[in-house]
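**Q** Dropping a structure here in structure tokens format, bear with me for questions.
The values are calculated or read from the model by the stated rules, or taken from the named source; none is laboratory data. Predicted model, so just to flag it, every value in this text is computed and none were measured. Please note: Cβ atoms are built from the backbone with ideal geometry, for glycine as well, and neighbour counts cover all protein chains shown. Side chains are part of the model used for accessible areas, which takes the heavy atoms of the whole protein and leaves out ligands, DNA and RNA. Shrake-Rupley method; radii C 1.70, N 1.55, O 1.52, S 1.80 Å.
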Amino acid sequence: MKNNHRQSTIEKRMTLIEIVVVLGIMAAVASVVLGSLVESAENERYDSNYQTMKSIRDAVCGTKEPDGISRFLSDMGRLPIVINTVDDGKILTELFSKEEVENYYSGNEENNGKWTNVEFSLSNCITFPTDSNLSFPDKFTDIPYYCGWRGPYINVLSTTFKDAWNNNWRVAESSDDTETGDIMNYIVSDGSNTTYNDDDDVEWHEKNQSLQMDYTTPSLVVNVMVRDDSGTTPIMRNASGTEDLSGYSGWTPDTSYSTSSAPIVEGGFLYKVKTIPSDSTTGTGKSGLATAKPTFLTSYKSLTVDNEIVWECIYPEPNHIKTVNVALFSPYVEKGETNILMTSLNQNSSSHHIFNLVTSSGTIEVKTADGNEHDPVNLVPGHRKLFAWSYYETTNSTDDTVYVNKFCSDVIDITLKPGSNHVTLYLVNELEEE
């Protein structure tokens, strides 16, 4: 009986030891599992935070839009800025809070920075030579340009917006800036330890995350052409190199001749000797031609026969254009004022009038549509306006400076997409003289 009791006691003691061992194993397993779950949850939070940053980047840069154009960049003409640094969770409010936008732009009495029609007139921003009386037709006064804030551009369920660790977002000029900046070139999250840290000796989830607002800079090539009487669109050129009828020394086939001593004068035309009889090359018909000049047919491609010489009207004066200008208009919403900015280029050439309006750097010199100076800006994709105008400066028979061939295009709407853009403008309107 005693041996049986001792054996039972030993069995009970072994059972207790086994329980302790099992509990120890369970605790160890639980610790490993719990640590794994915590790390998995932290990893999920880290990845989720980065996906949120990518969504912000896509909204700002237009990555998910069918045409690649960000509504924010198109509407505001620039990257987002920090409009509230005082209140918690308000760093990105320009992207989603109408109330914050209205408060920030309250100094802009016209529209509080909101989406509205900001009219401008060409005469306020484009100047002609001081000795000319050129002016734009009335239809180029008070040109409508709709721009400004019309968000929200990102969906936020609260009046505040923070990262996955409930920290304030930061915007920065570069990825390694440790302080919040003014313009969102980068969006930054400082990770789980709430402070900037990119050292190798910290946990991966404590390192900061940063993402650049890397939209593709647009470039713009503009080809300016003019319509003639035939309805075609030849490349513009001037009349240099033509022969003057008054300096006749013998007609030559396939040579262009002007009807006055100056190749470009008001009311003048160019003619080409199409065919001549064999005895006309030494001067036969000069006096007759001089008398017949006023009766030449002046419609494009018309033929005139004088003393058996067949003349063709090559083109009337609208094709004689040397000075051509192109202007691009874009919005720029600032505190206190919504500006329409203009960048322009001028060419004096007898060749193709093709303009590379935007450099590869994307930075352009601008002035406001009111004619005021403005700092250079980075051109961003969006819905913009484009315009061209031209004239030819010459002298008349009394050596007075005159401006002829005074034409301009319509102010057209263009979609300036990321990357390369090509647009053709046609000069279809005539400039006026005051």
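**Q** For the stretch 165-181, take each phi angle, set θ = phi - 60°, evaluate the Karplus expression 6.51 cos²θ - 1.76 cosθ + 1.60, and give the result in whole Hz per residue in order, putting x for glycine and proline.
**A** 9, 6, 9, 5, 5, 10, 10, 8, 6, 9, 5, 9, 5, 8, 10, 5, x
**Q** How long are the semi-axes of the equivalent ellipsoid of the stretch 362-434, defined as square roots of 5 times the Cα gyration tensor eigenvalues? Whole Å, largest first. Could the numbers behind the result be given before it?
**A** Values: eigenvalues 200, 56, 24 Å².
Semi-axes from the Cα gyration tensor: 32, 17, 11 Å.
**Q** Report ³J(HN,Hα) in whole Hz for each residue of the stretch 78-94, in order, from the Karplus equation J = 6.51 cos²θ - 1.76 cosθ + 1.60 where θ = phi - 60°; Gly and Pro get x.
**A** 6, 6, x, 10, 7, 9, 8, 9, 8, 8, 5, x, 10, 4, 9, 5, 5
**Q** Can you pull the percent of the stretch 50-158's accessible area that's carbon plus sulfur, 1.4 Å probe, other chains left in place? Mind dumping the intermediate values first?
**A** Values: 2180 of 5210 Å².
Answer for the stretch 50-158 is 42 percent, counting heavy atoms of protein chains only.
**Q** Something else now. How would the stretch 147-195 be classified by its alpha-carbon gyration tensor: rounded, prolate or oblate, with rounded meaning a/c under 1.5 and the a/b versus b/c comparison settling the rest? Let's see the in-between values first.
**A** Details: a/c = 3.18, a/b = 1.29, b/c = 2.46.
Because a/c hits 1.5 or more and a/b fails to exceed b/c, the stretch 147-195 counts as oblate.
**Q** Report the full-extension gain for the segment SER55 to LEU345: residue separation times 0.36 nm, less the Cα-Cα distance, to one decimal in nm.
**A** Values: separation 290, 0.36 × 290 = 104.40 nm, distance 3.72 nm.
Contour length minus Cα-Cα distance gives 100.7 nm.
**Q** Still on this model: What is the set of long-range amide H partners of LYS385 at a cut-off below 5 Å, with H atoms built 1.01 Å from backbone N?
**A** PHE329, ILE414
**Q** Rounded if a/c is under 1.5, else prolate if a/b is larger than b/c, else oblate: which is the stretch 67-155, with a ≥ b ≥ c the root eigenvalues of its Cα gyration tensor?
**A** prolate
**Q** Enumerate the amide H contacts of GLY181 below 5 Å, restricted to partners 5 or more residues apart or on another chain; note that Pro and chain-start residues carry no placed amide H.
**A** The answer is VAL171, ALA172, GLU173.
**Q** Taking 56 Å as R0, compute the FRET efficiency from the Cβ-Cβ separation of LYS162 and GLU433 and round it to 0.05.
**A** Numbers: r = 62 Å, r/R0 = 1.11.
After rounding to 0.05, the efficiency reads 0.35.
**Q** Another question, then. Could you derive backbone 3J(HN,Hα) for the stretch 334-343 from the dihedral phi with the Karplus parameters 6.51, -1.76 and 1.60 (θ = phi - 60°), listing whole Hz in sequence and x where the residue is Gly or Pro?
**A** 10, 5, x, 6, 9, 9, 9, 9, 10, 10
**Q** Please give the length that would be gained between ILE154 and LEU23 if that part of the chain were fully extended, namely 0.36 nm times their separation in residues minus their C-alpha to C-alpha distance (nm, one decimal). Show your work: numbers first, answer last.
**A** Working: separation 131, 0.36 × 131 = 47.16 nm, distance 5.06 nm.
Here the segment from ILE154 to LEU23 would lengthen by 42.1 nm.
**Q** Assuming R0 = 51 Å, what is the FRET efficiency of GLU393 and SER40, from their Cβ-Cβ distance, to the nearest 0.05? Intermediate values should be presented prior to the final figure.
**A** Details: r = 75 Å, r/R0 = 1.48.
Once rounded, the FRET efficiency stands at 0.10.
**Q** Another one. For the stretch 15-169, what is the accessible area per residue in Å² when the probe is 1.4 Å? Please report the intermediate quantities before stating the final value.
**A** Values: 8440 Å² over 155 residues.
Accessible area per residue, the stretch 15-169: 54 Å².
**Q** List the residues, sorted by chain then number, that are 5 or more residues from VAL377 or on another chain and whose placed amide H is less than 5 Å from its amide H.
**A** ILE364, VAL366
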